[in-house]
């Protein structure tokens with residue numbers, strides 16, 4: 001009797017798993033597929049194969065401008081994230097000072113904040129000092145939002161390094177800086193790449209912070225999309241989405257090849 | 001490093017210690033940055049709910065509880081809070097229901113299957129939330145929605161289902177978007193769990209199902225509640241999905257915060273609502289975590 | 001001629017006094033082994049010489065230079081770590097070349113010296129391999145080559161055979177001993193394995209709680225231990241409480257310059273023999289017998305809860321004395337015993 005329950009239970013488990021995986025993947029797949037629709041409305045399956053919507057995306061001046069804006073902001077955030085987060089990770093892993101737990105908590109705390117809160121807070125803070133919303137403000141607040149990613153990824157790699165290697169390097173004559181360059185850096189390089197890539201895509205895609213601090217003079221892509229989605233009915237959005245999915249796939253490959261995908265959950 | 005390279009004979013030991021900082025100083029820039037660009041701004045956010053704002057600047061020395069008072073007496077706010085709460089709770093539980101099987105099955109897989117599951121789980125994570133919400137917009141849309149088109153053409157239904165612009169659409173959208181957040185921590189825990197406990201259970205006569213409910217799930221309680229807390233928090237404060245999938249008349253507390261701040265430009269009201277949103281979110285998350293640890297402790301005792 | 005001088009070095013970690021006024025001198029070209037159980041401070045002492053640990057007090061002098069205040073990267077001592085600490089992102093050749101690169105030597109010189117060092121440890125063909133693909137013994141040799149290529153005055157080795165499996169160990173110990181003799185470098189080993197200490201060293205320093213209890217050539221430590229602790233650490237020893245009277249152990253023909261009163265007699269198991277009749281020693285019963293082949297180890301119950309270990313040579317075919325049999329245990333060579341003052345039992 002219990003064997004049957006086991007069997008049904010297991011079948012249920014597998015069915016739920018399959019359904020969940022389908023749920024995860026289907027939307028992206030559907031979006032990519034409908035982006036090739038030649039007609040001016042959404043249809044699944046598409047009535048044909050056409051790249052016209054991709055062309056229209058590239059010909060859309062406003063859209064392309066926003067892509068450049070987003071690329072710039074995302075790059076800036078990645079750089080700031082690395083400059084701040086990598087040393088912070090070192091302090092977290094190798095430092096031995098009182099209050100380290102508190103420092104760690106503070107470094108990872110932006111993860112606990114909804115993006116919206118960081119966005120509004122930045123907006124109000126800027127207003128307090130008579131700074132209007134701008135892409136610079138967006139970049140600064142996104143850096144806050146993305147800092148924990150860098151810190152966590154680098155910390156994980158750093159913690160796995162053999163501390164005796166630093167001693168061996170010192171024993172062989174290298175000073176602290178030389179040891180860092182010759183021994184530590186080569187070993188954490190993959191993590192740095194993964195952190196940069198992940199931070200880049202998160203900053204590039206982010207909507208929740210961007211909607212509060214964007215600049216009228218140069219809309220980042222997610223904001224542009226946000227407004228587009230509400231009135232545009234053509235597969236153009238599907239085309240942009242497909243491109244964005246492609247970009248995220250690229251990042252995924254980078255992360256997979258450097259620190260491994262499972263690392264993102266820990 | 002244990003080696004103290006700052007061995008200039010002139011410097012006294014204490015001064016050396018402070019300069020060396022025992023490894024603290026590399027974190028200083030990041031900490032300073034966070035204090036300036038996170039802590040202070042959030043302080044400002046809380047502050048703005050208790051002063052009068054006119055055209056983006058604070059007016060005079062006014063500290064007032066009027067905004068808070070108004071918000072707390074507004075039935076709309078309470079209704080929205082209630083809706084935010086139940087949507088977030090339902091979405092979290094639904095997410096759990098779908099995430100656990102994925103994590104469990106993953107732990108049994110080997111080789112390329114693992115990689116495929118990881119790709120399936122991680123790729124939505126890296127995709128913009130907007131793109132995912134748009135995808136659901138397209139799928140769940142009215143007459144033209146893909147789901148409806150498919151169901152009608154198969155002949156399963158005659159009239160297209162009205163899913164978009166209802167609670168259901170919001171629920172489905174939120175669940176799918178937050179699924180990776182629940183799956184990844186569970187993945188780690190279930191993959192590394194001690195199988196011998198389950199073997200012991202089988203050896204003592206329990207069936208697979210019994211073992212699952214008596215051993216496996218209790219073992220993963222901490223991870224479950226950590227995931228629930230996380231998904232609850234992001235669902236409760238999510239305003240993109242309710243806006244896009246719930247339609248113009250649909251609102252939650254988070255959506256209100258957005259609208260008051262960016263559309264209506266009533267910053268004080270936006271700030272107060274944000275404060276209410278944050279504090280209730282914190283309280284609920286604390287409750288979830290507390291319940292989780294109580295449950296875990298009860299498990300320990302029972303075992 | 002004193003090459004390494006460690007003078008009253010002390011170090012405290014938190015509440016733990018790990019090194020307590022430790023002093024030892026190593027002659028040029030000799031091999032010293034620091035021997036002791038974990039926690040006795042031997043590794044800390046080694047690391048102090050290398051500069052990874054800064055002592056609270058005392059001096060470290062190598063080749064006449066006081067290096068106590070020198071940072072580790074200027075000390076020019078060779079160090080082999082317990083887990084070898086090979087750089088995983090560099091090949092064997094690059095690992096060995098590391099120190100030379102830091103010294104900014106030119107490429108030609110580096111190539112020549114690296115090749116020589118690898119030949120010294122017979123690893124030439126593996127020069128382009130990465131450490132992850134080497135066996136434990138090969139990794140150890142790379143670590144040694146990496147240290148020796150810089151031609152240091154001193155070589156320090158922290159339990160270098162710990163990571164190897166037992167079979168490989170003895171062969172590697174002998175090989176290393178020969179290598180060191182060939183190069184003629186002053187060396188200090190750290191180990192908890194007394195067999196290793198006996199194999200490798202010219203001189204052994206037995207450490208305990210941050211101090212050096214006794215320092216002497218291996219056989220002298222074995223034959224004439226200064227304390228019960230040392231006696232028990234090297235080889236096996238019986239510690240028997242006895243009474244002194246008139247400069248002799250009561251009831252036996254063993255002389256010792258100690259006052260009347262309680263004392264501890266240290267006698268090695270192979271220095272005892274079993275007799276069936278009455279004898280000048282202890283009477284007891286056989287408690288347990290382990291037949292080892294060429295020898296038999298007996299545990300003799302001599303009353304009052306005390307036991308004596310006796311290691312008896314066994315001729316082929318000879319029978320083992322059965323448990324329960326009454327025997328008399330006698331000392332074979334009185335001169336090979338040691339008597340220590342006080343009744344310290346196993347405490348030393």
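The values are calculated or read from the model by the stated rules, or taken from the named source; none is laboratory data. Please read these numbers as outputs of a predicted model, since none were measured by experiment. Cβ atoms come from the backbone with ideal geometry, glycine included; neighbour counts cover every protein chain shown.
The table that follows gives values for the structure above.
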| item | result |
| --- | --- |
| Residues of region B:95-116 that turn out to be surrounded by 13 or more Cβ atoms within 10 Å (Cβ to Cβ) and not in a helix (DSSP H, G or I), as a count | 1 |
| Scan of region C:13-44 for residues that are in contact with a helix residue (DSSP H, G or I) (Cβ under 7 Å, 6 or more places away or on another chain) and within 19 Å of residue C:217 (Cα to Cα), ordered by number | C:22, C:31, C:33, C:34, C:35, C:36 |
| Index of the failed condition, residue C:84 passing every other in (1) free of Cβ contacts under 8 Å to residues at least 60 places away in the same chain; (2) not in a strand (DSSP E or B) | (1) |
| Residue that is surrounded by the fewest Cβ atoms within 10 Å (Cβ to Cβ) [pool: residues in region C:308-337 that are modelled with pLDDT under 85 and under 28 Å from the mean Cα position of the chain (by Cα)] | C:335 |
| Qualifying positions in region A:231-266 - closer than 18 Å to residue B:144 by Cβ, buried (at least 18 other Cβ atoms within 10 Å of the Cβ) and more than 10 Å from chain B (Cβ to nearest Cβ) | A:236, A:239 |
| Candidates A:20, A:26, A:74, A:89, filtered to the one that is more than 10 Å from chain B (Cβ to nearest Cβ), within 23 Å of the chain's Cα centre (by Cα), part of a helix (DSSP H, G or I) and surrounded by 14 or more Cβ atoms within 10 Å (Cβ to Cβ) | A:74 |
| Region A:46-92, residues that are at pLDDT below 90, in contact with a helix residue (DSSP H, G or I) (Cβ under 7 Å, 6 or more places away or on another chain) and farther than 28 Å from residue A:219 by Cα | A:46 |
| Residue that is under 30 Å from residue C:156 (Cβ atoms), within 10 Å of another protein chain (Cβ to nearest Cβ) and at pLDDT below 90, where the choices are A:163, A:114 | A:163 |
| Residue C:79 vs. criteria at the interface with chain A (Cβ under 8 Å from one of its Cβ atoms), touching a residue at least 24 places away in the same chain (Cβ under 8 Å) and part of a helix (DSSP H, G or I) | no |
| Checklist (1) over 19 Å from the mean Cα position of the chain (by Cα); (2) surrounded by 15 or more Cβ atoms within 10 Å (Cβ to Cβ); (3) at the interface with chain B (Cβ under 7 Å from one of its Cβ atoms) applied to residue A:35, failing item | (3) |
| Test: residue C:48 is under 18 Å from the mean Cα position of the chain (by Cα), in contact (Cβ under 8 Å) with a residue 12 or more places away in the chain and either at negative phi or assigned to a strand (DSSP E or B) (or both) | no |
| Criterion: out of contact with any helix residue (DSSP H, G or I) (no Cβ under 8 Å at 6 or more places or on another chain) and modelled with pLDDT under 90 - qualifying residue of A:105, A:130 | A:130 |
| Residues of region A:127-147 satisfying the condition of being touching a residue at least 12 places away in the same chain (Cβ under 8 Å) and either touching a strand residue (DSSP E or B) at 6+ places or on another chain (Cβ under 7 Å) or at the interface with chain B (Cβ under 8 Å from one of its Cβ atoms) (or both) | A:133, A:134, A:135, A:140, A:141, A:143, A:144, A:147 |
| Helices (runs of 4 or more DSSP H) wholly inside region A:139-229 containing at least 1 residues that are surrounded by fewer than 18 Cβ atoms within 10 Å (Cβ to Cβ) and touching a helix residue (DSSP H, G or I) at 6+ places or on another chain (Cβ under 7 Å) | A:176-179, A:185-205 |
| Residues within region A:92-111 that are within 7 Å of chain B (Cβ to nearest Cβ) and either loosely packed, with under 15 Cβ neighbours inside 10 Å or not in a helix (DSSP H, G or I) (or both), tallied | 3 |
| Sole exception among (1) away from chain A (no Cβ under 11 Å); (2) within 20 Å of residue B:89 (Cα to Cα) for residue B:215, by number | (2) |
| Residues satisfying the stated conditions in region C:96-109, i.e. farther than 14 Å from residue A:173 by Cβ and part of a helix (DSSP H, G or I) | C:107, C:108, C:109 |
| Some residue of region A:176-195 being under 14 Å from the mean Cα position of the chain (by Cα) and at the interface with chain B (Cβ under 10 Å from one of its Cβ atoms) | no |
| Wholly within region B:198-303, helices (runs of 4 or more DSSP H) carrying at least 1 residues that are touching a strand residue (DSSP E or B) at 6+ places or on another chain (Cβ under 6 Å) | B:267-302 |
| Flag if residue C:112 is out of contact with any helix residue (DSSP H, G or I) (no Cβ under 8 Å at 6 or more places or on another chain) and assigned to a helix (DSSP H, G or I) | yes |
| Residues located in region B:1-43, provided they are in a loop (DSSP other than H, G, I, E, B), closer than 16 Å to residue A:92 by Cβ and either more than 10 Å from chain A (Cβ to nearest Cβ) or modelled with pLDDT under 65 (or both) | B:1 |
| Of the criteria (1) within 7 Å of chain B (Cβ to nearest Cβ); (2) without any contact (Cβ under 8 Å) to a residue 60 or more places away in the chain, which one residue A:42 fails | (2) |
